[in-house]
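J.: Here it is, the structure, as structure tokens.
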Amino acid sequence: MRRQRPLLGTFVEIDAEGLPGHELERAVAAAFAAVALVGRLMSFHDPDSDLSAINRGAAVAPVAVHPWVARVISRALALHRLTDGLFDCAIACELVRWKVLPDDGPVTAPATMAAVHLLPDNHIAFDTPLTLDLGGIAKGFAVDRAVAVLRRHAIRAAVVNAGGDLRAIGPAVPIHLRDPVDPSAIRFAGMLQNGAIATSSAATTLTRFGSGQVSALVRARTRQPIVDCDAYSAIAGSCMVADALTKVLAQSRQPDAPCFRRLGAVGFITPSHAQQRFKGLDRRIADPYFSNAPARRYRA
């Protein structure tokens, strides 16, 4: 069974098998409901979301949030430390200033996730006014939640794909990468089994601001936009981790960085020009994935 719905600002597709038709339909519907809940809780655009409540009030007093929001922020804090600050959800003030995100709240000064605290009973507090955006990790978390729901319904073979953030369980499935500028250029990259892949590129959000260009990808340390159009991919055991690591790779351009090894993840870069890519540009990165050797398998 394959179903698709517009969620999280993209299309979410679930492909599952292994149960009678009505049971499978119920399982897939429950998985979509989990994805929709993540969207409602963590939307930057929805003033009624838990994320908006945090941004409005956590610098004044601790704000109670849904356990899923607390879990995502806890993981984001751990990734912030593990990546030496390269993964930072507190870059949203720049995205608001550049008009990549809507200006729906008080203007805040630059800060980092070091000022964010997860308190008992799922409460969040800020040391200083700041603006969080969970867009760099929430979509991956939503995919993971969908997979967890499918597993609870005894489904053992499925693929959940949210606009390129993908997780597979069961038999290995092929991974295909699109050129970030020319979506018609696609290349096989290997087989994914019981793991997740996510890809980020400035090409999808590149826009003009003042006399220059900006995107939704930000260099956490300098607060400058990433404007190259390469695609940055990460494979990991969970889609949440893969999603977050694409932002780290976009800044460091180091697929062999220590944080990837510690998380059991694999990173690679797809250069933006299809013709150059197929000629082997940046072969140090591409060769392990785009060779004619037997298909590489990635496992959680």
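J.: Are any residues in region 35-69 in contact (Cβ under 8 Å) with a residue 60 or more places away in the chain, touching a Phe, Trp or Tyr at 6+ places or on another chain (Cβ under 9 Å) and buried (at least 22 other Cβ atoms within 10 Å of the Cβ), and if so, which ones?
T.: VAL38, MET42, LEU51, ILE54, ASN55, ALA58
J.: Return the residues of region 100-124 that are part of a helix (DSSP H, G or I) and touching a strand residue (DSSP E or B) at 6+ places or on another chain (Cβ under 8 Å); say none if nothing qualifies. Working first, answer last.
T.: Filtering region 100-124 for residues part of a helix (DSSP H, G or I) gives 113-115.
ALA115 - this is the single residue of region 100-124 that is part of a helix (DSSP H, G or I) and touching a strand residue (DSSP E or B) at 6+ places or on another chain (Cβ under 8 Å).
J.: Considering only residues that are exposed (fewer than 15 other Cβ atoms within 10 Å of the Cβ) and in contact with a Cys (Cβ under 8 Å, 6 or more places away or on another chain), look in region 85-109 and name the one that is modelled with the highest pLDDT.
T.: Restricting to residues being exposed (fewer than 15 other Cβ atoms within 10 Å of the Cβ) and in contact with a Cys (Cβ under 8 Å, 6 or more places away or on another chain), the top hit is ALA109.
J.: Quick check: anything in region 179-188 of a type outside the set (D, E, K, R), part of a helix (DSSP H, G or I) and under 21 Å from the mean Cα position of the chain (by Cα)?
T.: No, every residue in region 179-188 fails to be of a type outside the set (D, E, K, R), part of a helix (DSSP H, G or I) and under 21 Å from the mean Cα position of the chain (by Cα).
J.: Also, I was wondering about something else. Out of region 57-102, which residues are of a type in the set (D, E, K, R) and under 30 Å from VAL227 (Cα atoms)?
T.: ARG75, ARG81, ASP84, ASP88, GLU94, ARG97, LYS99
J.: While we're on this one: Would you check if there is a residue in region 156-171 being free of Cβ contacts under 8 Å to residues at least 40 places away in the same chain, buried (at least 23 other Cβ atoms within 10 Å of the Cβ), farther than 30 Å from GLN224 by Cβ and under 17 Å from the mean Cα position of the chain (by Cα)?
T.: Within region 156-171 (the criterion being free of Cβ contacts under 8 Å to residues at least 40 places away in the same chain, buried (at least 23 other Cβ atoms within 10 Å of the Cβ), farther than 30 Å from GLN224 by Cβ and under 17 Å from the mean Cα position of the chain (by Cα)), the answer is yes, since at least one residue qualifies.
J.: Here is a further query. Restricting to region 211-233, what's the tally of residues that are under 14 Å from ASP165 (Cβ atoms) and out of contact with any Asp or Glu (no Cβ under 8 Å at 6 or more places or on another chain)? Please lay out each step first, then the result.
T.: Step one: of region 211-233, the residues under 14 Å from ASP165 (Cβ atoms) are 231-233.
Pick out the ones that are also out of contact with any Asp or Glu (no Cβ under 8 Å at 6 or more places or on another chain) and you get 232-233.
Going through region 211-233 one residue at a time, the tally reaches 2.
J.: Quick check on ARG5: is it charged (D, E, K, R), under 20 Å from ALA198 (Cβ atoms) and over 15 Å from the mean Cα position of the chain (by Cα)?
T.: Answer is yes for this residue.
J.: Taking region 192-227, which residues are of a type in the set (A, V, I, L, M, F, W, C), modelled with pLDDT under 95 and touching a Pro at 6+ places or on another chain (Cβ under 6 Å)?
T.: ALA203
J.: May I ask you to verify whether ALA29 is surrounded by 18 or more Cβ atoms within 10 Å (Cβ to Cβ), out of contact with any Cys (no Cβ under 6 Å at 6 or more places or on another chain), farther than 30 Å from LEU130 by Cα and modelled with pLDDT of 95 or more?
T.: no
J.: Out of LEU19, LEU24, LEU7, report the one residue that is modelled with pLDDT under 95, surrounded by 15 or more Cβ atoms within 10 Å (Cβ to Cβ) and either in contact with a Lys or Arg (Cβ under 7 Å, 6 or more places away or on another chain) or not assigned by TED's automatic domain parsing to the domain that holds LYS247 (or both).
T.: Checking each option against the conditions leaves just LEU19.
The values are calculated or read from the model by the stated rules, or taken from the named source; none is laboratory data. Not measured: the values here are computed from a predicted model. Virtual Cβ from ideal backbone geometry, glycine too; neighbours counted across all protein chains shown.
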